[in-house]
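The values are calculated or read from the model by the stated rules, or taken from the named source; none is laboratory data. Small disclaimer: the values here were computed from a predicted structure and weren't measured. In this analysis, Cβ positions are derived from the backbone assuming ideal geometry, glycine residues included, and neighbour counts consider all displayed protein chains. Please note that ligands, DNA and RNA were not included when accessible areas were found on the heavy atoms of the full protein model with its side chains. Shrake-Rupley method; radii C 1.70, N 1.55, O 1.52, S 1.80 Å.
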Amino acid sequence: MSNRIKGRGAVKGIAEGYAMVSGETIQGWSGIDESTGKIVEIGHPFEGMSMKGAVLIISGGKGSNGWSCHFHAAKLKGVAPAAMVFPKMDSRTGVAAAVTGVPVVTDLELDPFSCIKTGDYVIVNADEGYVEIRE
Amino acid sequence: MLTLTVAEKEMLDGKKGKLKQQAMRKIVEYAEILNASELCEVSMAHLFCGAHDYLSAAGDRSVEEVISIMQYCSDELLPLEEMACFCQSDCGPMDPINYDKMNCTQKEADRNKQFLDCYRACGVNLAGTCVPYLCGFVPLPGEHYVSSESHAVTLMNSFWGACGNADGLEAGFWAAACGRIPKWGNHVKENRLGTHVFEIDAPIKTSMDWDLLGYTIGRRLPSHSVPVLTGLSNRPTIFTIKYFFAAMATTSGPEMCHLVGITPEAPTLEAALGGKQPIGKATITSSDLLESFKILGGGVKRDTVDYISLGCPHYSIEELRKIAMFLEGKKIARGTAVHIWTASPIKTVMDNSGYTQIIESSGAVVLTSSCPLTSGKLPPGVKTMAFDSAKQAHYMTPGRDIKVLYGSLQACLTAATTGKWSGSDE
């Protein structure tokens, strides 16, 4: 199917939701309110949006090495994303994936930032290794 | 495919106890997420210890339960035992001795002490600092380590050829417990080559110059890139370069950075790039630095400054000596609170050198083991606060109705004694 992007399932599972897409990453400290899931980083395209139940599609981690702990805390508070997609893994996102345990697809064959927009409904299938865009 | 050694398999099978088993399970998961093919032995771990805010997500539980859930991702209570390598603590949520001077309650201090006691029992040395490399945590070239402090990772990799990644806090604890980390990223030589070249067309001399340079490069650096700096007219020192890495690790996430002619893996531009063409090239000018200065809250005037926090990254003894020299015989302005942060081992040298006495006679307070960012604590009623650190100024701005000012250490000290912010730092 043409609206599928193939990749590698990094954390197994299948989940779906509305996409939050940014070629910029998000900062962890002063970036994520882990009790509500809201993005609070000033000037970020996601500022004021909640990642709860969303499919988070971002380029990687930045800022403090504490990046993963904000996702871990959000998971325990029930406000974590439903799934995460990273075009390429890094050590911050890798640990965030390991502590959150939600389905994660990475090593994508296409640039997701050119074909998925915030608000698109997407399915993340990490068992088979793809991201699919539904209208 | 991930291949494990016999010893690693034994840990995974539970032959070395439950803690090592769970730690190895998470390290294996992490390695598979990264698509690493093997693990490497870690000899040093710098860990985010203490009753940090994010741990409250586990609810009201015993310290051991919180550690099992939050740090080892285990619902089962794990027996905590001696770590597998040399461990030192990063910043905590408060000064463990003078916590009352930074608005922490006795209850918060008791809880923090329980956490620290628990880690100490596991063999963690309680240095309590974001500058572990100034306190005996010095990985040698090629040595594999983990650290929870982003700027320390970039500094120790870039300047000493040590091998570490910006792994999350949890991975630090897993690695410390089982002594392994995925052999991936900066643990592999080929991944350390430069990708983006920055020609520096501005004089970079002072700590603030280096701070602004790091912040500016970070603003322009794409994810997963390794910057290479050329054209630097002055060499950094350990005192100035820590600002550079702290600021750069705020606006971006590099784990490695080459300074041509200065850092060991960059004797030449060609060597830094491994003979390849760079993916991107940019020039940084004085006007770029000025733009960052203004974003951070520099250059404005204020008639009052309620709070000045200094020492991010934690000050070295030499910076503290200079502060003591400036403040000797002076008084901090009425209505201005001044906190000066360092590591507890460095505070001992300050005490021995008489600097603590001089600084505290002026009315400033010397604190250790934390900072406003990690503690989330500010003096009551603060409306205007100033920093000499881009990292603090950047992170302390969101979500607070407080005016953040940024300037050099000299500007901050002048404001501390006059109670006014002149903004004449450009």
> If you go through segment B:167-179, how many residues are part of a helix (DSSP H, G or I) and away from chain A (no Cβ under 12 Å)?
Replying inline: 3
>> I'm trying to understand the selection: among the residues of segment B:327-357, which are in a helix (DSSP H, G or I) and either open to solvent by 10 Å² or more (accessible area, probe 1.4 Å) or among the β-branched types (Val, Ile, Thr) (or both)?
In response: B:Ser344, B:Pro345, B:Ile346, B:Lys347, B:Thr348, B:Val349, B:Asp351, B:Asn352, B:Ser353, B:Tyr355, B:Thr356, B:Gln357
>> Just the residues that are more than 7 Å from chain B (Cβ to nearest Cβ) and either surrounded by fewer than 24 Cβ atoms within 10 Å (Cβ to Cβ) or basic (Lys, Arg) (or both), please, taken from segment A:72-98.
In response: A:Lys75, A:Gly78, A:Val79, A:Ala82, A:Pro87
> Restricting attention to segment A:34-50, and to residues there that are more than 8 Å from chain B (Cβ to nearest Cβ) and charged (D, E, K, R), which single residue is surrounded by the most Cβ atoms within 10 Å (Cβ to Cβ)?
Replying inline: A:Lys38
> In the set B:Ser74, B:Ser62, B:Ser68, B:Ser56, which member is touching a helix residue (DSSP H, G or I) at 6+ places or on another chain (Cβ under 6 Å) and without any contact (Cβ under 8 Å) to a residue 60 or more places away in the chain?
Replying inline: B:Ser74
>> Can you tell me how many residues within segment B:159-186 are open to solvent by 10 Å² or more (accessible area, probe 1.4 Å), closer than 21 Å to B:Lys9 by Cα and not basic (Lys, Arg)?
In response: 1
> For segment B:379-402, what are the residues that are open to solvent by 10 Å² or more (accessible area, probe 1.4 Å) and within 14 Å of chain A (Cβ to nearest Cβ)?
Replying inline: B:Lys391, B:His394, B:Thr397, B:Pro398, B:Gly399, B:Arg400, B:Asp401, B:Ile402
>> I'm trying to understand the selection: among the residues of segment B:233-254, which are open to solvent by 20 Å² or more (accessible area, probe 1.4 Å), at pLDDT 95 or above and in contact with a Ser or Thr (Cβ under 8 Å, 6 or more places away or on another chain)?
In response: B:Ile238, B:Phe239
> Could we say that B:Ser207 is within 13 Å of chain A (Cβ to nearest Cβ), open to solvent by 10 Å² or more (accessible area, probe 1.4 Å) and under 23 Å from the mean Cα position of the chain (by Cα) here?
Replying inline: no
> Counting only residues that are within 9 Å of chain A (Cβ to nearest Cβ) and either assigned to a strand (DSSP E or B) or free of Cβ contacts under 8 Å to residues at least 40 places away in the same chain (or both), how many does segment B:147-166 have?
Replying inline: 1
> Can you name the number of the only condition in (1) without any contact (Cβ under 8 Å) to a residue 60 or more places away in the chain; (2) within 13 Å of chain B (Cβ to nearest Cβ); (3) open to solvent by 10 Å² or more (accessible area, probe 1.4 Å) that A:Gly53 fails?
Replying inline: (2)
> Which one is farthest from B:Ala272 (Cα to Cα), of the residues in segment B:151-173 that are polar (S, T, N, Q) and touching a Gly at 6+ places or on another chain (Cβ under 7 Å)?
Replying inline: B:Asn165
